[in-house]
Structures are given as C-alpha cells and as structure tokens.
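Quick note: the coordinates plus some simple rules give every number you see, no bench work behind them. In this text, all values refer to a predicted model and were calculated from it rather than measured experimentally.
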Amino acid sequence: MKGVASSVSLVAASLLCVSCQPAGIESSTSLVGADRLPSRGALSREIIQINRGYGSVSEGFLSYELRPDGTLIVTHTDRARGKVRGEDRFRLSAEIASQARSLLWRLRPAKLEGLDAHEARPSGCERRGPHDFGELAVIFIDEGRRAGIEDDRLGTFELPSPDSCGSPQAREATALVRNVLESFPPSKVAAEFEL
C-alpha cells in the first residue's frame, strides 16, 4: 500500500512538472519589462521581422524576416513605388535560427495584439512625441489559422534612437539586434540598402 501511494505521488508530481512548461525567456532578461511569455514551442512558431526605414525619410524599407522553418528573407522595398527592389533568401542552420530567436525574445512584448496596439520600447524609454520614430522595429507575428490576416496577432518593439533614449536597456537592445544581424549570412540586398 505504501508503494502504491508513493507511485501515485510520483506520477502526480511528474504530471505537474509536464504541465508547467518553461517560458520562452525568464522575465528577468526581458528588456521591455515583459513579465511572462508563452512556452519556447509557441514562440518558435512565430515569425519575427526586423524592419528598418519604416518611420524615417529613407527611400525604402529593409526587412529581415525569420520564418519558423529557419528561412530568412531579406527584402528591400521602394517606398515611393511600393515595389520590391531586391530579395535574398537563406536557409539558416537550426543553431543560428534558435540563437537569433532566443535573443530577440528579450524584446518581445508580453502580449501580441494587433496593429493598433502601442509598441514596446526598452524599459525606461518613452516616446517623445509623434515624430520620435525608432531606428528599427522588431515585429513578432503569430499567424492565425485562417487564410489572410484577420486572426493574426502581432506585437511591435521599437528601438529608439540614442538621442531619444540612452537607458542601459536601450543600449543593450541595440547591441543585441546588431549581434543578431551580424549572425545572419551576408546579404547583397542589405548591403545595397546601406549605400
């Protein structure tokens, strides 16, 4: 009887541990103050984009899109014409894709909402007015089950310029994004955007 009771306790404890999957990141490592994130499995199914040029007066937009299958798509879009000027596609190793995701999750808002939601900024950084655009945006997209975008959820992180906010979290976020971009294969499209 004593053996059965201890077996039941062991099974119950095992089930309790299985139901408590670890979050994608620890809240203490979040640079935006997110206190809780979904499991690593759920987070790894999201699309992550790093976008430059969206709020500035640049001639175009540069987007790095990391897909759940490890595909990286780098796209340069002409702002005036709304046409793609160039696109590179890469297949990242599982290690590089996983490392990039893990770093970028530190910038992810706790909840994904929609286009009308306020963007997250590094802790201690507030928008200083309607023209205080960030240097870049990191967008986290949870695609819904239906075709189209009606049931998609997204969250946006905006990296402010150093003039707008120089908090320790902003400096760390800048270095983090730079490290992620440097881990990606060299892109001709990105190099031409920089010129």
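In this structure the amide hydrogen of L136, modeled in the peptide plane, comes within under 5 Å of the amide hydrogens of L159, none closer than 5 places in sequence on its chain. Shape class of segment 30-120 from the alpha-carbon gyration tensor: oblate, with a/c at 1.5 or above and b/c at least as large as a/b. In whole Å, how far is the Cα centre of segment 92-111 from that of segment 39-89? Spelled out, the Cα-based centre of one part sits 15 Å from the other. When a/c reaches 1.5 or more, the comparison of a/b and b/c decides; with that in mind, is segment 83-124 rounded, prolate or oblate per its Cα gyration tensor? Oblate. Which shape class, rounded, prolate or oblate, goes with segment 41-195 when its Cα gyration tensor gives a ≥ b ≥ c as root eigenvalues, a/c under 1.5 marks rounded, and past that a/b bigger than b/c marks prolate? Rounded, because the longest to shortest axis ratio a/c is under 1.5.
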